[in-house]
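The values are calculated or read from the model by the stated rules, or taken from the named source; none is laboratory data. Since this is a predicted model, take the numbers as computed values, not measurements. Every residue, glycine among them, receives a Cβ derived from its backbone with ideal geometry; neighbour counts consider all protein chains shown.
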Amino acid sequence: MLMEGVAAQLKQWGGFTLAAMGNAAAHVVSITRTHHPDEMIVDLGMAGDVYQAIADASKIAPETKIIVFTASTSTDDAIKALNAGARGYVLKGSPGEELLQALNAVQRGEVYVTPSFATKVICALKDQTLQRQKAISNKLSVREEQIVGLLLQGKKNNEIADELSLSDKTVRAYMTSLMAKLNARNRLEAVIAAQKLNAAASVPPPR
């Protein structure tokens, strides 16, 4: 279904007013800036960086719900589009009514992915999360892993210092490094991130 066909289908369904049409990534941004539409249907095949256009449009008008309508069955493309700010991902070739379902779903605040494709996207997201967690864990030094283990035991900085025979200043330096690697803004977030990594399972005993 080409975009002209989508426009005709919207008129047939009723309840939709077509604000504008475009055929390039730059038009996604300009239409958003000019019209602030409630919803926008975007084709990944348009000329230009469509992902960046989705991200820019989402910043300009966070209330605009963007649905990607594409032939791409790549989970990487789907995840990239959703991460950029798209609220829906509908595959071309799906029944026409599915686009209507997606429009209604995102308007209710939901995220919509073509059902036959959704499981693959969810599995890919889980794999990416596990890979990120593994990458972070691999970046931790032996001493940082020891500190993570003690954090998960509820130890305070002075207790960690005593346990590892370190100065308070050194422990604070390690904590600063840990929070940066775990993308944590404070001690609580560092502990939560450490729990997600389950780093304590492979923490060597203090020396």
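Values for this structure:
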quantity	calculated
Positions within segment 6-25 being in contact with a helix residue (DSSP H, G or I) (Cβ under 8 Å, 6 or more places away or on another chain), closer than 19 Å to Lys92 by Cα and among the small types (Gly, Ala, Ser), in sequence order	Gly22, Ala25
Looking only at segment 19-72, and only at residues there that are in a helix (DSSP H, G or I), of a type in the set (Val, Ile, Thr) and touching a strand residue (DSSP E or B) at 6+ places or on another chain (Cβ under 9 Å), the one that is surrounded by the fewest Cβ atoms within 10 Å (Cβ to Cβ)	Ile31
Members of segment 162-176 found to be of a type in the set (Ser, Thr, Tyr), touching a helix residue (DSSP H, G or I) at 6+ places or on another chain (Cβ under 7 Å) and surrounded by fewer than 18 Cβ atoms within 10 Å (Cβ to Cβ), listed by number	Ser167
Flag if Gly93 is more than 18 Å from Met40 (Cβ to Cβ) and in a loop (DSSP other than H, G, I, E, B)	yes
Long-range neighbours under 9 Å by Cβ, at least six apart or interchain, first residue outside the structural domain of Asp38 (by TED's automatic domain parsing) within segment 51-77, second crowded, with 19+ Cβ neighbours inside 10 Å and at pLDDT 95 or above	none
Members of segment 71-111 that are out of contact with any Leu (no Cβ under 6 Å at 6 or more places or on another chain) and polar (S, T, N, Q)	Thr73, Ser74, Thr75, Asn83, Ser94, Gln101, Asn104, Gln107
Filter result for Gly109 (over 22 Å from Gln9 (Cβ atoms), more than 15 Å from the chain's Cα centre (by Cα) and outside any helix (DSSP H, G or I))	yes
Condition broken by Ala199, with the remaining ones in (1) surrounded by fewer than 16 Cβ atoms within 10 Å (Cβ to Cβ); (2) modelled with pLDDT under 85 satisfied	(1)
Residues of segment 78-109 classified as exposed (fewer than 15 other Cβ atoms within 10 Å of the Cβ) and in contact (Cβ under 8 Å) with a residue 12 or more places away in the chain, total	3
